[in-house]
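Everything below concerns the one structure shown next.
The values are calculated or read from the model by the stated rules, or taken from the named source; none is laboratory data. Treat the numbers as computed from the prediction; the structure is a model and nothing was measured. Please note: Cβ atoms are built from the backbone with ideal geometry, for glycine as well, and neighbour counts cover all protein chains shown. We work out accessible area using only protein heavy atoms, side chains counted, and drop any ligands, DNA or RNA first. Shrake-Rupley method; radii C 1.70, N 1.55, O 1.52, S 1.80 Å.
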Amino acid sequence: MEAATDFPDGIWFVQLAPLDEAEQVATVVALTLDLREAPDEPLVERIIAFLGSRHALLVLDNCEHVLSGCAELADGCSRLLSPYHRDQPYPAPHRRGADLAHSSA
C-alpha cells in the first residue's frame, strides 16, 4: 500500500460515527493511539505531543457530528489537516485546523 510508505511513523483510522458528544473524540483517538490518561496532562495535549513531529496519518472518519472535538485536536497540531470526502482523490487540499470547525464539507 502506497500510504504506508508515505507515512512511515504510522497510520491510524478512528471511526467517530458511534460517538454522541464532541468531548468523546480525544478519548477515542487516545485509545486508538494506545495512549493512557495522565493526571498532570490533558488528553488532547498528550495526543498532540505523541503525534508531534511524526510523519503519520490520523484519519478521523464520520466527524460531521463531533466537529468541535476534532477541531480541538486540529488546533493544537502544527501541521495542516485535510478534511475530505471519500469521492475526493488522495491527497485532499490542505486546510488549517481552525477551518475544520467551520467547514461545511
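Points to keep in mind about this one:
- Looking only at segment 45-63, and only at residues there that are assigned to a loop (DSSP other than H, G, I, E, B) and open to solvent by 60 Å² or more (accessible area, probe 1.4 Å), the one that is nearest to Gly76 (Cα to Cα): Ser53
- Segment 65-88 - residue that is over 12 Å from the mean Cα position of the chain (by Cα) and modelled with pLDDT under 55 and, of those, most open to solvent (accessible area, probe 1.4 Å): Arg86
- Pro8 being more than 19 Å from Cys70 (Cβ to Cβ) and not charged (D, E, K, R): yes
- Considering segment 35-44, and only residues there that are touching a helix residue (DSSP H, G or I) at 6+ places or on another chain (Cβ under 7 Å) and either more than 18 Å from Trp12 (Cβ to Cβ) or open to solvent by 60 Å² or more (accessible area, probe 1.4 Å) (or both), the residue that is modelled with the highest pLDDT turns out to be Ala38.
- Qualifying residues in segment 3-34 (those that are part of a helix (DSSP H, G or I) and in contact (Cβ under 8 Å) with a residue 40 or more places away in the chain) - the one most open to solvent (accessible area, probe 1.4 Å): Glu23
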